[in-house]
Amino acid sequence: MPGSLHADAEDRGCAHMSALKTVAPEAVHVSTDRLQRIRHRIERDISVGRYDGAVVLAARDGNVFLLDAVGYRDRAAQTPMKTDAYFALMSVSKSISAVLVLSRVHNGDISLTTRVAEVIPEFAAQGKQAITVAQLLSHTSGVPGDAIVDSSRGYLSAIVSRIGAMAPVSVPGSAVGYSAWAAHSVLGEVVRRVDSAGRSYSSIVTEDLFKPLSMMSSSVGWLPEFIHQRVPVVSRENGLDGPPDVHVDEHDALTAAGAEIPGSGMYSTAADFFRLTEMLRRGGELDGKRILSRRLVQLAISNQTGERTHSSLTASRAYGPLTSNWPSGIPAYLGLGFHLRGHGVFPVYCGLLASPSTYGHMGRGSTMFWIDPELGLTFIFLTAGVMEETASVERWQYLSDLLISAVDEP
């Protein structure tokens, strides 16, 4: 099988990649032998067709001890995966969008308690006049999640126009309901409308976030210049909840250059995305550039939903019928743009061994990251071949626990 968990220098296909320095696992008290279990499990899953390939990055206290490519970028074309692969981030995009919104709070353009209708007056229709920025970030706004059905949803103004006419599905602030498309689209429009220069959303993300963080291989929508690094979006293994709900042609059209889907339409590489996670891990600053205040980061990664479960008794569609074992529901444990580990034994993508304060996000059947502040551990896992959500959560849980075990037992 192409690739391994010990990629060499030629696999770092761009200058930015090769500039990312790595250290030996033992230097940061990580067991090399136990890391081999991660490699074996990924290779086994790829060989039986569960998914096609992966780029894996792990770091401790900012020191990257694992940066590798496994399997295929494009199985049909037999193209091996490389560490500079350019991935559709799916809902991991929400964390980038959340950071941008929080930067507007940091700059004083808005507050977390700002009512959205103060910025977007037409949003007040159908009982949404009191919904706040914080409620959108924590998925407690009651805004419908997936009620946008035609191709124009790839363009921010069209999305928000449709959302403005919708009624909330629950009393704002009363319940947790994951909004896959709508909430972050509204937040994107808030960012655009408070921008004094009148820039497009994609321009704001690029100029105010990607450039300061030197994320030079990241974009809103996929860019043609990265076509030879781009990972195709294809569906692979079924799970407990049936086949992956991914319409490949539709996804490609809706995430092309010019489309703006703040909640799921961004692209990046593992090394680029690591710069975002490092900024968060360091309390909002990287290379002397402060994006967020330390206190704001702490607020964003703290539990905003208490012990409440998702209103559908599932966790954002990701756990599906697994919740039959948890009839009272799985705790939501959401911050402001991030999923949290929290407490308890239930399906969790960041691993059951992760510290309760661990935070991150996952994207539909293919992408995830988490940061464990207590262990100083960062894990980024980007894959080719979209799996059904429940199967993907189980995959991430056992891989995450294997990684944490390697840290706990050097």
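None of the figures in this text is laboratory data; all of them are computed from the coordinates on show. Everything numeric in this text was worked out from a predicted model, so none of it was measured. Here the Cβ is made from the backbone with ideal geometry for all residues, glycine too, and neighbour counts use every protein chain on show.
Key figures for this structure:
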{"quantity": "22 Å tail of the calculated P(r), the stretch 75-231, as % of Cα pairs", "calculated": "44 percent"}
{"quantity": "Centre separation in Å (Cα based) which lies between the stretch 378-410 and the stretch 173-205", "calculated": "29 Å"}
{"quantity": "By average C-beta atoms within 10 angstrom, highest first, the peptides 328-336, 163-171", "calculated": "328-336, 163-171"}
{"quantity": "Between the stretch 96-139 and the stretch 26-47, the alpha-carbon center distance in angstrom", "calculated": "42 Å"}
{"quantity": "Among 58, 91, 76 - extreme Cα towards positive end, dipole of the stretch 41-108, charges at beta-carbon", "calculated": "91"}
{"quantity": "Full-stretch length increase - residue 302, residue 118 - with 0.36 nm per residue and alpha-carbon distance subtracted", "calculated": "63.6 nm"}
{"quantity": "Amide N proximity, the stretch 42-81 versus residue 23 label position 7 Å along Cα-to-Cβ, cut-off under 12 Å", "calculated": "59-66"}
{"quantity": "Average projected area [Cα convex hull, the stretch 14-84], square nanometres", "calculated": "5.2 nm²"}
{"quantity": "Cα gyration tensor shape of the stretch 251-306, rounded if a/c is under 1.5, else prolate or oblate by comparing a/b with b/c", "calculated": "oblate"}
{"quantity": "Only Lys, Arg (+1) and Asp, Glu (-1) charged, at Cβ; the stretch 83-134 dipole about Cα centre in debye", "calculated": "160 debye"}
{"quantity": "Nearby lysines by direct alpha-carbon distance to residue 82 (threshold 26 angstrom, same-chain neighbours under 8 apart not counted)", "calculated": "21, 94, 211"}
{"quantity": "The stretch 57-144, relative contact order [Cα under 8 Å, separation at least 6], %", "calculated": "13 percent"}
{"quantity": "By average C-beta atoms within 10 angstrom, highest first, the peptides 391-398, 218-225", "calculated": "391-398, 218-225"}
